Structures are given as C-alpha cells and as structure tokens.
Amino acid sequence: MSKAQVSIPLEIPDVRILKTEINQRGDLIITVESTRTETHCRKCGQPISKFHGHDSWVTARYLPVFGRATYLRYRPRRYQCLDCDGQPTTTERLAWHESGSPHTTAYDSYLLLQLVNSTVENVSIKEDVSYDRVLGVLERRIAAKVDWSPYTRLGVLGLDEIALLKGHRDFGLIVTARFADGKVVLLGVLPGRKKKTVANFPRSIPERLKSTIHSACCDMYEGYTEALSEEWPKVRIVIDRFHVAKTYRDGVDGLRKQEMKRLKSTLSKEEYKQLKGSLWVVRKRPQDLNSEQKRAQQFLFEYSPDLKTAYELQEQLTDIFDEPISKSIAKTKIRDWMERVSASGVKCFDAFIKTLNRFSNASFST
C-alpha cells in the first residue's frame, strides 16, 4: 500500500528539485540544482555564461516541514570569464543561501522570528541548533538600515531586544511588522538598544509607509518608549505582554531564591530534598503542574507562606491579563490588585509596581 503524500511549494527561485529523502535521524533532505545559466565575474563584474563545472556539495538548513528538520543539498555551478586575463572562474551566488552559512536565508529569518519574546538559549534548544549558530544569525543580519522596498503597509511594528552574548550588555534589536491578516514579517536587526538607535529607526521609514503604522509594540525599556513617543506622537505605544509578565514573575522568582536559601539552612537534608523542582512549581500555572510538582508546591508553601501569597497574587494578575475586558475595567482590576499586594505585606512586586506606574499611560498587549 502506498503512503499518502502531499506537495508543498519550495518557494525558492531558480531551482529544480532532483530528489527528496529522509535520513536516519528523520531529517528531510532535498537535493536541488540551480536553473540559472550565468553569474557575474568576480573580477570585472560582467555577466558570464561559460559553464566550468561544479563546486563541492553544500548542505544548508531550510524551513522545517511537518516538524522535521529540513536541509537543501546542492552543488554550486562555476562559470568562466573569457574576457579577463587568465580567464578566471567564478562560483555562482544564490539569493537564497549566503556562501559559508550553515543556513538558508529563509531559515535565518525563521530563527530571528523565533527569538521574538524568547532567548538565544531557548531557541537553540527548541530548534536543536547550537547557541553560537543562533548568535551567528543575529550577527549576520545586523544592519543600520531596514530595506523598506518590499512593503506597502506596516500595521503594527514590533521591537524586541536580544542579548548578543550571555552575561554581556550587548544587544541587537529585532524589528518586525504584523499585518492585518496576522502575518508577522522580519524587517531587520538593528545594532544596540540606545535611544539614538531607536529614534533613527522611525526617521528612516519612508513617508508612504509612516501613515500605515497604527501601533508600535516594545518592552518596558524607557529608551524605546521615549524615542517612539517623540518620533511618533500619534502612534499608540504598546508594551508587549511577554515583558510585562516577565517583570512581575521575576519578582516572585527572586523571592523563591531567597526562601530556598533560607530553607536550606533551616530544614533537614531530607526535608529540603522534597523541595526539588521549586523553580517550576512557582513559574508554572496551577493547571500546568503535574502531581509531583503539586506535592512539592504544597510542601514549599507550608514552609514559606509569603511565597504562597506571592504566587497567588502572581496568578491573579495573570488572570486579569487573560480576561477579555475593556481597558478601563482592566485598570480598575489592576488597581485593586495593587491594593491587595500592599495589604499582603510581600515586597517582591515593589519594582514591578513602580515600573507599572511609570507606564500607566501605555497600552499592554494580550
């Protein structure tokens, strides 16, 4: 009995598919060849079409298909220039793959979009790509300007900063656009997070596109919000929910660390062992905890009532963000939540509430 099959367009110009196969790891390998018949001489820059053989086989990671890692395999063509001294050869350059890169340009863009509201480390794990390779994508795509020519409308712009190295304060800024149909496209990667860099970005947008922007979404860094507000006074500034949630959850996680340090010095070794997995019992939502984590959470909260209170307040705030309510009702509920925090006596939300008050006029995405 033959297996059911489905055809998916490769969406790469100027190639012909020669063969598809699945290797022992379950990866999809697609062998292709270029259908172009010329390139430009590396010396004189003129078009040349005298075929002079192939380079070695190249394998580059492509977009995943049905959860499978996918690779394109091809042999670049070489062409000879009959006009230059020595008649040198030039290897063709393909628009969909940068020479020497382990990825196609499409997969580079895919990885950059995965970095939005995530980290280099998390994307590295999820995609089974080394940390250095994900970092290499960021470094290759950093540019001072964005190419606006392919776009006629922008809709919602997104600015998401990514730390370029662990433990360092060097950042890249991923710029995306979300269109009316929900599609998200990568516009570019800007160097750094300085206010000047962000301010120069809106100034670079062509006039024909500026009027098509109705919102700009970013994190809670004031350098971004101030620069965007100054350059686009009529554009709604939206604080991305991911960064809002990270800020108040980081406060609870900080309290957890303090309590774990205290409990390690006061509990017996056997009692302390029962707190294994404390990170996830505080970070996960109640409905996402398994039976073992629920037991660990109950045990932890018996020894740390403050942490239990902080966790409950954390989940109450998340529930507010999950509700389909108006902005005015949300503000009322958040003010009530802040009063409950004050009455509880826990201090782990102090920094978050201070930040929240600074951004009281901003919108928050859901």
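The residue list E292, E312 contains one member that is within 30 Å of R358 (Cα to Cα), without any contact (Cβ under 8 Å) to a residue 24 or more places away in the chain and in a helix (DSSP H, G or I), which is E312.
Within the range 277-289, the set of residues being surrounded by 13 or more Cβ atoms within 10 Å (Cβ to Cβ) and either assigned to a loop (DSSP other than H, G, I, E, B) or not assigned by TED's automatic domain parsing to the domain that holds A310 (or both) comprises G277, K284, L289. Would you confirm, using the coordinates I've provided, whether R73 is surrounded by 14 or more Cβ atoms within 10 Å (Cβ to Cβ) and within 34 Å of the chain's Cα centre (by Cα)? In short, yes. The one condition from (1) more than 30 Å from D240 (Cβ to Cβ); (2) surrounded by 14 or more Cβ atoms within 10 Å (Cβ to Cβ); (3) among the acidic types (D, E) that D108 does not meet is (1).
Let's see how each residue does on (1) at pLDDT 80 or above; (2) of a type in the set (S, T, Y):
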| residue | (1), (2) |
| --- | --- |
| D132 | yes, no |
| I142 | no, no |
| D147 | yes, no |
| G155 | yes, no |
| G158 | yes, no |
| E161 | no, no |
| L165 | no, no |
| T176 | yes, yes |
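If I filter the range 41-61 for residues that are touching a helix residue (DSSP H, G or I) at 6+ places or on another chain (Cβ under 6 Å) and under 16 Å from H103 (Cβ atoms), do I get at least one hit? If you could, list the steps in order and put the result at the bottom.
First pass over the range 41-61, keeping only residues touching a helix residue (DSSP H, G or I) at 6+ places or on another chain (Cβ under 6 Å): 61.
Next, from what is left, pick out any that are under 16 Å from H103 (Cβ atoms): 61.
Checked the range 41-61: at least one residue is touching a helix residue (DSSP H, G or I) at 6+ places or on another chain (Cβ under 6 Å) and under 16 Å from H103 (Cβ atoms).
Going residue by residue through the range 335-353, is there one that turns out to be part of a loop (DSSP other than H, G, I, E, B), touching an Asp or Glu at 6+ places or on another chain (Cβ under 7 Å), over 24 Å from C217 (Cα atoms) and not acidic (D, E)? Within the range 335-353, one or more residues are part of a loop (DSSP other than H, G, I, E, B), touching an Asp or Glu at 6+ places or on another chain (Cβ under 7 Å), over 24 Å from C217 (Cα atoms) and not acidic (D, E).
The values are calculated or read from the model by the stated rules, or taken from the named source; none is laboratory data. What you see is a predicted model; the values in this text were computed from it and never measured. When we count neighbours, we look across all protein chains shown, and the Cβ atoms used for this are built from the backbone with ideal geometry, even at glycine.
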